[in-house]
Amino acid sequence: MRAPGPPAGGRARRERTDLLTFVVGTGLVAVAVLVVVLAAGGGAPQPVPAGLPDSGPVTGWGLPVARVVADLAGIATVGLLLAAAVLVPSPAARLVIAAGRGTQVAVRCAAVWAAAVVVELVLTLSDILGVPPAQALDASALRSFVAQVPQGRALVAQLVLVLVVAGLARVTLTIGNALAGTVLALLAMTPPALTGHSASTGSHDLAVASLLVHVVAVSAWVGGLAGLAWVGFHTGSGRPARRTDVLCHAVPRFSVLAGWCYVAVAVSGVVNAGVRLGGWAPLVTSSYGVLVLAKAAALGVLGGFGWWHRRRTVTGLRDASTGAAGLFVRVAAVELVVMSATVALAVGLSRTPTPVPETLDVSPATDLLGFPMPPAPSLLRLLAGWVPDGFALTFLALAALLYGVGLRSLRRRRERWPTGRVVAWYAGVVVVAWATVGGLGVYSHVLFSAHLAAHLVLGAVAPVGLVLGAPVALAARTLPGPRVPDEPGLRDLLRETRGSRWGRLARQPVVVLLLVATSLFGVYLTALFPALMRNHLGHVAMEAVFLGVGCLLLRLLLEPSAPRSSRRSPAALVVVPVAAAALLLVFCLTVAGRDGVLARGYFEALHRPYARDLVADQHLGALLAGVVGAVAGVLVAGVLVVRRFTRGPW
Ligand code: HEM
């Protein structure tokens, strides 16, 4: 069964012409803004002295234009899939017509996106080689570019993802498919953020993480509005009453999402700009800084649009007042022009020289760590040190904020939630913060001993608090339910996920213990560990896996609101922790018994001025892992005893 095709007849032709006129018009505005920004900001192609390699004006101007087209087509693809998956209410079985047609428009947007990425790939090679595009179209040059050069690899990864999104959207019939397509499309927006300006600054971890958050939030916000405007425009040209029916549900939900994205865009944009500007003065003394101010102004204007929508169209739609839907679509169209111009401004910014020189002379240790080598560890530094890890900060902010929003909506409904759970949750978040961006997190990049201790703190201590905080139960009580009959609400999606095969598998003790063993032996005693230590994203991935596996393990023992069907028998409550403890013991003994140093190349390359005996530090790591494991064991036993003999807080 295929997704619904475009409507036929005169009305459809008029609709297509109007839409095309709007898209081309907006595209021209964006390109005009881009040209002005490049010319004014210093990102425009400069005349090259004779004899030096010159890629020529086609590449100089074509490359940023291709990026703008790729960004806008990508954002439209994300938006149309997001509208189908989350914004426009559809029954579980099949997307409503408007949403289904939107996914087919997403296929065409994805095709434009893929074409723009291919152009960007060739022009980037031409830019790097300093030859005109025709010469860059050399098979062996292209092969080594996509295989060895980070920009080449990122663009090929993006291209593959975009083609997968196009294929999936083509056959999307249900909310599930649309959701998968949305996530993949958002993912496909990110590869370029991993290269370019971000990856070449001193604190590249913070720069890369903030730009990823920035691009994802912009895509969901601008894309969501574009998706809704298209649905409103499409249904409106057919049956205006139907349009109001659809938008009166979709727009209030989008308004909540837009609010979150707006804050995320502002914070991540300021953080990213801060890394590149390196201070306040360049904000007004450098062209890069002035462009950043222009973006902040654009964000202000867009905030005004949002405020106006909340006062007029969102309330109007809620009251189903006539004209509100049409007004929403018209104002959204203007807003989308401003947003597209801002995206073009952003691309111009990404090609403008930054005040902080990209090729900073950084020591090998700083290059490996992404921050300067910390001084020798002390109790104070372990307790009070910190490092701005962008990914961890994003996780911590979301964990603290989303739990808070859940509490607020319970309070608004005058429903109780045990204080013990709130305390447990935020205590868990604080422990994660200490092991990632805090003192222990700092030294986990430098010392094997601190790394293993941080692993156990993330894998066995923090999850005690996080699991006792019962976030899933809180979500199940506060996520929105269905808006129309038969629509699977977000609450239902959560229940379905818990009841799904994967949800049940994640509660099987054998499976969880296997994951624990893999995260210990599979990571440290293979070539994976040195590879992951050398790469910032690798280090973040390890932290995420340790925390995730730890939460699955502790959930087996402590989940306060575990469904009766998955309550653990007293035997299991003994076997699981004993098995986990045995695994940890064997692991610690293995590490302590090794003469060889794990990830020797990495730790030697740091040339740290303290704890130079790598073997001794490794043995200390094994000991610390055992100690932290034991502390976690006592904590768990304590909770089980309190729960057994008192009407405890969890
Ligand atoms: C306070 C407001 C904002 C600030 C400080 C800000 C800052 C930044 C910075 C520093 C970059 C990285 C540029 C580079 O690579 O050198 C960036 C990229 C980007 N920004 Fe913003 N931004 C803001 C608002 C916005 C808004 C409102 C939008 C869209 C509606 C937006 C869309 C983008 C996009 C799409 C990129 C990635 C461009 C690319 O390389 O493809 N930003 N922003």
(request) Go through the residues of the range 38-46 one by one and say whether even a single one is away from the ligand (no atom under 16 Å from the Cβ), of a type in the set (A, V, I, L, M, F, W, C) and open to solvent by 30 Å² or more (accessible area, probe 1.4 Å). (result) yes
(request) Might you check whether a residue that is closer than 26 Å to Phe587 by Cβ, open to solvent by 30 Å² or more (accessible area, probe 1.4 Å), assigned by TED's automatic domain parsing to the domain that holds Val545 and not acidic (Asp, Glu) occurs anywhere in the range 428-443? (result) yes
(message) Give me the residue from the range 177-210 that is at pLDDT 80 or above and open to solvent by 40 Å² or more (accessible area, probe 1.4 Å) and, out of that set, farthest from the ligand (Cβ to nearest atom).
(response) Asn177
(message) Need pairs with beta-carbon distance below 7 Å; first residue at positive phi and within the range 263-281, second open to solvent by 10 Å² or more (accessible area, probe 1.4 Å); sequence gap 6+ or separate chains.
(response) Gly278/Pro355; Gly278/Val356
(request) Report, ordered by the first and then the second residue, all pairs with beta carbons closer than 7 Å, sequence separation of six or more or different chains, a first member in the range 531-556 that is touching a residue at least 60 places away in the same chain (Cβ under 8 Å), and a second member that is in a helix (DSSP H, G or I) and aromatic (Phe, Trp, Tyr). (result) Met533/Tyr602; Arg534/Tyr602; Val540/Phe391
(message) Cβ-Cβ distance below 6 Å, separation of 6 or more or different chains: which pairs start in the range 210-227 with a residue that is over 13 Å from Gly74 (Cβ atoms) and end on one that is more than 7 Å from the ligand (Cβ to nearest atom) and outside any helix (DSSP H, G or I)?
(response) Leu212/Thr190
(request) Name every residue in the range 134-148 that is open to solvent by 30 Å² or more (accessible area, probe 1.4 Å) and either within 17 Å of Leu63 (Cα to Cα) or touching a residue at least 24 places away in the same chain (Cβ under 8 Å) (or both), in order of residue number. (result) Ala134, Gln135, Leu137, Leu142, Val146
(message) Given (1) within 16 Å of the ligand (Cβ to nearest atom); (2) hydrophobic (A, V, I, L, M, F, W, C); (3) assigned to a loop (DSSP other than H, G, I, E, B), identify the lone condition not met by Val131.
(response) (1)
(message) Condition check: more than 8 Å from the ligand (Cβ to nearest atom) and within 15 Å of Val23 (Cβ to Cβ). Does Val337 satisfy that?
(response) yes
(request) Could you tell me which of the residues Gly41, Gly56 is in contact with a helix residue (DSSP H, G or I) (Cβ under 7 Å, 6 or more places away or on another chain), in contact (Cβ under 8 Å) with a residue 40 or more places away in the chain and over 30 Å from Val484 (Cα atoms)? (result) Gly41
(request) Go through the range 362-372 and count every residue that is touching a helix residue (DSSP H, G or I) at 6+ places or on another chain (Cβ under 7 Å) and open to solvent by less than 50 Å² (accessible area, probe 1.4 Å). (result) 3
(message) Looking only at residues that are open to solvent by 40 Å² or more (accessible area, probe 1.4 Å) and of a type in the set (Ser, Thr, Tyr) in the range 282-300, which one is nearest to the ligand (Cβ to nearest atom)?
(response) Ser287
(request) Would you confirm whether any residue within the range 313-336 is open to solvent by 20 Å² or more (accessible area, probe 1.4 Å) and in contact with a Pro (Cβ under 6 Å, 6 or more places away or on another chain)? (result) no
(message) Any residue at all in the range 72-90 that's modelled with pLDDT under 90, touching a Gly at 6+ places or on another chain (Cβ under 8 Å) and either buried (at least 18 other Cβ atoms within 10 Å of the Cβ) or within 24 Å of Phe254 (Cα to Cα) (or both)?
(response) no
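Condition check ((1) under 21 Å from Leu211 (Cβ atoms); (2) buried (at least 22 other Cβ atoms within 10 Å of the Cβ); (3) more than 16 Å from the ligand (Cβ to nearest atom)) across all residues:
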residue: Gly227; (1), (2), (3): no, yes, no
residue: Trp230; (1), (2), (3): no, yes, yes
residue: Phe254; (1), (2), (3): no, yes, no
residue: Leu302; (1), (2), (3): yes, no, no
(request) Answer yes or no as to whether Gly326 is within 16 Å of the ligand (Cβ to nearest atom), among the small types (Gly, Ala, Ser) and farther than 30 Å from Ser449 by Cβ. (result) no
(request) Output the residues belonging to the range 604-647 that are farther than 21 Å from Gly459 by Cα, without any contact (Cβ under 8 Å) to a residue 12 or more places away in the chain and in a helix (DSSP H, G or I). (result) Glu604, Ala616, Val641, Val642, Arg643, Arg644, Phe645
(message) Condition check: at positive phi and more than 16 Å from the ligand (Cβ to nearest atom). Does Gly316 satisfy that?
(response) no
(request) Just give me the residues in the range 446-468 being surrounded by fewer than 24 Cβ atoms within 10 Å (Cβ to Cβ) and not in a helix (DSSP H, G or I), in sequence order. (result) Val446
(message) Testing Ala98 on (1) farther than 20 Å from Arg351 by Cβ; (2) modelled with pLDDT of 95 or more, one condition comes back false. Which one is that?
(response) (2)
(message) Here are the criteria: (1) in contact (Cβ under 8 Å) with a residue 40 or more places away in the chain; (2) of a type outside the set (Phe, Trp, Tyr); (3) over 28 Å from Val275 (Cβ atoms). Tell me which single one Arg414 does not satisfy.
(response) (1)
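The values are calculated or read from the model by the stated rules, or taken from the named source; none is laboratory data. In this text the structure is predicted, and so the values were computed from the model without any measurement. No Cβ is skipped: glycine too gets one built from the backbone with ideal geometry, and neighbour counts run over all protein chains shown. Each accessible area value is taken on the protein alone, full model and side chains, heavy atoms only, with ligands, DNA and RNA left out. Shrake-Rupley method; radii C 1.70, N 1.55, O 1.52, S 1.80 Å.
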